[in-house]
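Remarks on the structure that follows.
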Amino acid sequence: MKLIRFGKQGEEKPGIQLDNGNLIDVSSKFHDYDEKFFSSGGIEILKEWLNENQESAPKLDDSARLGPPIARPSKIICIGLNFKDHAEESGFETPEEPVIFGKATSALSGPNDNIVIPKGSEQTDWEVELAVIIGKRASYVEESEALNHVAGFALHNDVSERSFQKDRGGQWIKGKSADTFAPLGPFMATVDEIDDLHNMNMWLKVNGEQMQDGNTSNLIFGVQHVISYLSQFMSLLPGDVISTGTPAGVGMGMKPEKYLKPGDVVELGIDHLGSSKQNVVAYER
Ligand code: ZN
């Protein structure tokens, strides 16, 4: 299944993207794709409900705004430097253990919403990433059990302000957390939709020019390892988002460095997880 959320920002309702591409509204039966939904077997209940009701559920028209495909989670945890080529372009050694950082959950936005360059920013950058959405509480889980704790996967742009991230002291979260810095979706694909998690092409273009061209086969720490690893330090709750890292081709790695400016258009995609498109705009109060 492909879970979507639609409607005005902050008022999104749950829906489904059917295999034929049609979008339907399931809000008559389901409140939202949130922690409670995932922890109470929502995915199974939804699957059964669709068997009976998908023909009669209201259809959305193509102009409906998509929100992030899950409700605001308890946390977004990102893995840094998880591709060798990206670690190199960033001037770091390949990490021996996963590098992790947080991203404010208020950064979440819809897949095709604008990216707003924050006040005072001169180094807003892009990062196409595979995001994992947790389905079942995970605490001290083994790698072999990790996928049993996953609800699904989504396309994520881990938008980053490099100066805030690196030049302002402290931790990377400063450069990762501005509003609109986490466009997620278009949909969350449930685990059964993905045949080979570690063989998915991922790409990103700016103004039509290809910047990133990677594959999840090159992740240093794979999805199961990352979930198991994080669960040694914190409980991962249903609905939580883990973003697994970006391949080479970010603006910071270019010579000269290249950053987003108002009017730019960012497009990205991952096999089986769809594509998204964000227009870049300046901050206005
Ligand atoms: Zn990232």
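Throughout, read-outs are computed from the coordinates displayed, never taken from laboratory work. All figures in this text were calculated on a predicted structure; none of them were measured in a lab. FYI the Cβ positions are ideal-geometry reconstructions off the backbone, even for glycines, and counts take in every protein chain you see.
Under 8 Å for C-alpha pairs, at least 6 residues apart: give me the relative contact order for segment 105-194, rounded to a whole percent.
For segment 105-194, the relative contact order is 41 percent.
Pulled fully out, how much extra length does the chain show between Asp62 and Arg168, if you take 0.36 nm times their separation in residues and subtract their Cα-Cα distance?
Using 0.36 nm per residue and subtracting the Cα-Cα distance, I get 33.9 nm.
Among the aspartates and glutamates, which fall within straight-line cross-link reach of Lys29, defined as a Cα-Cα distance under 17 Å, with same-chain neighbours fewer than 8 residues apart omitted?
Glu11, Glu12, Glu44, Glu48, Glu52, Glu55
Would you mind calculating the gained length between Ile45 and Lys84 on full extension (0.36 nm times residue separation, minus the Cα-Cα distance), in nm to one decimal?
Length gained, Ile45 through Lys84: 10.0 nm.
Based on the Cβ-Cβ distance from Glu142 to Asn218, what FRET efficiency comes out when R0 is 25 Å, to the nearest 0.05?
Computed FRET efficiency for Glu142 and Asn218: 0.55.
From the residues Leu66, Gly21, Phe83, which one has its Cα farthest along the dipole of segment 1-112 in the positive direction, the dipole being from +1 and -1 charges on Cβ of Lys/Arg and Asp/Glu about the Cα centre?
The listed residue farthest towards the positive side: Leu66.
Between Ala104 and Glu55, what is the FRET efficiency for a Förster distance of 41 Å, r being their Cβ-Cβ separation, to the nearest 0.05?
Approximately 0.55, to the nearest 0.05.
222 nm [θ] for the chain, helices only, -39500 (n - 2.57) per DSSP H run of 4+, per residue, to 500?
Counting only the DSSP helices, I get -3000 deg cm²/dmol.
When the chain is treated as a GNM, springs tying every alpha-carbon pair under 10 Å, which of Arg137, Arg168, Arg65 comes out with the largest mean-square fluctuation?
Of Arg137, Arg168, Arg65, the Gaussian network model singles out Arg168 as fluctuating most.
Towards the positive end of the charge dipole of segment 139-222, with charges on Cβ (+1 Lys, Arg; -1 Asp, Glu), say which of Leu204, Gly169, Asn215 has the farthest Cα.
About the Cα centre, the residue reaching furthest to the positive side is Gly169.
Relative contact order of the chain: what whole-number percent is it, with Cα pairs under 8 angstrom and at least 6 residues apart?
Answer for the chain is 25 percent.
Using the Cα gyration tensor of segment 105-201, with a ≥ b ≥ c the square roots of its eigenvalues, what is the shape: rounded (a/c below 1.5), prolate (a/b larger than b/c) or oblate (neither)?
prolate
Hey, what did segment 1-120 get for relative contact order, percent, Cα under 8 Å, at least 6 apart?
Reported as a whole number, the value is 24 percent.
Highest GNM mean-square fluctuation, the chain, Cα pairs closer than 10 Å: which of Lys136, Lys166, Lys103?
Checking each option, the largest mean-square fluctuation is seen for Lys166.
Determine the sum of side-chain charges near Ala189: Lys and Arg each +1, Asp and Glu each -1, restricted to other residues whose C-beta is under 12 angstrom from that of Ala189.
Summing Lys and Arg as +1 and Asp and Glu as -1 gives -4.
Near Lys136, which lysines are there with a Cα under 19 Å away, not counting those fewer than 8 places off in the same chain?
Lys2, Lys36, Lys47, Lys75
For segment 1-115, just run the numbers: alpha carbon Rg, then divide by 2.2 N^0.38 Å, N being how many residues it has.
Cα Rg divided by the expected 2.2 N^0.38 Å: 1.34.
Once R0 is set to 35 Å, what does the formula 1/(1 + (r/R0)^6) return for the Cβ-Cβ distance between Ser235 and Glu209, expressed as a FRET efficiency to the nearest 0.05?
Between Ser235 and Glu209 the formula returns 0.25.
Could you give the Stokes-Einstein D for segment 68-282 in µm² per second, using the C-alpha Kirkwood radius, 37 °C, 0.692 mPa s?
My calculation gives 195 µm²/s for D.
Which residue, Glu129, Glu88, Glu35, has the most motion in a Gaussian network model of the chain that connects Cα atoms within less than 10 Å?
Glu88
Take the Cα coordinates of segment 2-53, assign each an equal point scatterer, and use the Debye formula without solvent to give log10 I(q)/I(0) at q = 0.24, 0.27 Å⁻¹.
-0.97, -1.18
Less than 30 Å apart at the alpha-carbon level, and either on another chain or at least 8 residues along: which lysines does that give for Lys255?
Those lysines meeting the cut-off are Lys84, Lys103, Lys119, Lys166, Lys174, Lys176, Lys205, Lys277.
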